[in-house]
Amino acid sequence: MVNADPPILSINTVTKNFGGLCAVNRVSFNVRPKEVLGIIGPNGSGKTTLLNLITVIFPPTSGEIYFKGHKLNGLRPYQVNSLGIARNFQDDKIFLNMSAIENAMVGSHGRSRVGLYGVGLHLNSYKKEEQEIFERAWNQLAFLGLEKKGDTSPSALSVKERHLLGIARALVTEPELLLLDEPVAGLSFKETEEMGDLILLLRERGMTVLLIEHRLQMIMNISDRLIVLNFGCKIAEGAPAEIRENEEVIAAYLGKG
């Protein structure tokens, strides 16, 4: 059945230039609520740049991005997060001088309601909010199977556990749209399957997931639809079965002839 709800995210003819390099070229697509939308393409095709545009780490050179009717152009990253968008990063961006639970808690501090005055004086409002953030972070660690790692230094975590910690930090903000950039990089086949099951579980719980991944079999198996980028341009969009047979996609990955 086709999802008739309005798109949760709309990318409208978005372009991003870095000097003379066009990293994203007039890309348009919609993300439907409660779907897993995969973005694939060869290295350098503009996939991560697109995520950086959605989270306004970079402003687009032209084009518009809307989330639930809110125009994201001109906002700051913390404002985009407060609207209900969260993400991980390819390198996880974990703070090695903080414990796992403290890393997870970082996700909520950007949305703190207590000002510097309350923090400096350790007012009751600050203490109450810190406890709430701690509990949300701990709940997400437990959901991801990291409850026994809360006091552990990230340097002692496995690759998979570090990836999960990055996802936990995003989930603490209770997003409606989760952006995942290569969440199975460096994982074994079994761990990759487990991460795929987790993403499907998040969708079952009502979350929308926009996913970048080079493991084609994994992303084909769990995505409702796929967007294919090549040299910054969208060259295909459709169900995984359609994308598998698309000659332009095959040529982008394997070369013509």
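The values are calculated or read from the model by the stated rules, or taken from the named source; none is laboratory data. Quantities reported herein were computed from a predicted structural model and do not represent experimental measurements. Neighbour counts are summed over all protein chains in view; Cβ atoms, including those assigned to glycine, are modelled from backbone coordinates with ideal geometry.
Just the residues that are in a strand (DSSP E or B) and within 13 Å of the chain's Cα centre (by Cα), please, taken from the range 32-90.
Passing the criteria: 36, 37, 38, 39, 85, 86, 87.
On the stretch given as the range 94-108, residues that are buried (at least 16 other Cβ atoms within 10 Å of the Cβ) and among the polar types (S, T, N, Q) total 2.
Can you name every residue in the range 234-250 that is under 17 Å from residue 45 (Cα atoms) and among the basic types (Lys, Arg)? Scanning the range 234-250 gives a single hit, 234.
Of the strands (runs of 3 or more DSSP E) contained entirely in the range 140-257, those carrying at least 2 residues that are within 27 Å of residue 98 (Cα to Cα) fall at 177-181.
Quick one: is residue 239 modelled with pLDDT of 95 or more, touching a strand residue (DSSP E or B) at 6+ places or on another chain (Cβ under 8 Å) and assigned by TED's automatic domain parsing to the domain that holds residue 52? Reasoning before the result, please.
Values: modelled with pLDDT of 95 or more: yes; touching a strand residue (DSSP E or B) at 6+ places or on another chain (Cβ under 8 Å): yes; assigned by TED's automatic domain parsing to the domain that holds residue 52: yes.
Spelling it out, residue 239 is indeed modelled with pLDDT of 95 or more, touching a strand residue (DSSP E or B) at 6+ places or on another chain (Cβ under 8 Å) and assigned by TED's automatic domain parsing to the domain that holds residue 52.
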